[in-house]
Every structure is written in structure tokens, then in C-alpha cells.
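This report refers to the structure that appears directly beneath it.
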Amino acid sequence: MGNAPPAPRKLDMMIERLQAYLREVGLDVGVGEAARGLGMSSRSLQRALGRLGTSFREVREQERMALAKTLLSETDMKGEAISKRLGYSSAAQFTTFFRLRAGRPPSAWRSFNRAQSAVAASS
């Protein structure tokens, strides 16, 4: 009985807690620090995320991408400032990450997104 997997809702709530923790403390933390912040071992966190078909890295990258898109669409922050805010060591590292996830570099995504927003606002 002690080895029964956690209930699905409990796992979903754990991901929500992890996402909130990452937004609160920053997106440059590792799995060990995040697990301690959530009151569990890194292995327990990794196992729980694995049961959901994801990983710490994937959750952190999803949070980074969401924040990157928010910063690109709602601010005029430069790539270097965004990369630091997201926990990357360089703007080039951020640009590579963003291009792989979004299919275009941050500057092109920002231009496209703003053009789409302008069209929607004029409709």
C-alpha cells in the first residue's frame, strides 16, 4: 500500500506548485533546489513528474517560454535583459532556446505578434 502512486489530481497540483515556485524564485533554479522548496527530495519530484510524462526541465522550459512571450509582447525589454530574467547566461542561449520552441527568433516573434495584435485591435 505504501507504494501506491499518488492520485492524478495530487500530481497535477504538484506541477502547479512547481510552476508557482519557479515563477516566485526564478527560472534559473535546479531540480534539487526546487524539490527542497516543495518539501521533497529531488528523486521524488523527478518520479512524480515522470508519472505525468514530463520532467523538471520540461516544466521549467514551459515556464520560461510563457514568460518570454509575455515579456516580448508586453514590454520593450532587449534580448539580453530577457535572457537574464529567464536565467540564461547569454542572449545567444536564449535566442537558440526561443527559436527551437517558437520556430523563429525572439525579435521576429515580437514583430509578428505586435503586427497581429495591431490587426486584431483595428478590427
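Residues checked against (1) surrounded by 16 or more Cβ atoms within 10 Å (Cβ to Cβ); (2) under 17 Å from the mean Cα position of the chain (by Cα); (3) not basic (Lys, Arg):
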{"position": "ARG23", "(1), (2), (3)": "no, yes, no"}
{"position": "SER41", "(1), (2), (3)": "no, no, yes"}
{"position": "LEU45", "(1), (2), (3)": "yes, yes, yes"}
{"position": "GLY53", "(1), (2), (3)": "no, yes, yes"}
{"position": "GLU63", "(1), (2), (3)": "yes, yes, yes"}
{"position": "LEU71", "(1), (2), (3)": "yes, yes, yes"}
{"position": "SER89", "(1), (2), (3)": "no, yes, yes"}
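Just checking, does the range 105-112 include any residue being among the basic types (Lys, Arg), assigned to a helix (DSSP H, G or I) and within 23 Å of GLN19 (Cα to Cα)? No, the range 105-112 contains no residue that is among the basic types (Lys, Arg), assigned to a helix (DSSP H, G or I) and within 23 Å of GLN19 (Cα to Cα). Within the range 73-87, restricting attention to residues that are more than 19 Å from PHE112 (Cβ to Cβ) and of a type in the set (A, V, I, L, M), the residue that is nearest to the chain's Cα centre (by Cα) is LEU86.
Each value in this text was obtained by applying a stated rule to the coordinates, not by laboratory testing. All values derive from a computational prediction rather than experimental measurement. Cβ coordinates were reconstructed from backbone atoms using ideal geometry, including for glycine residues, and neighbour counts include every protein chain displayed.
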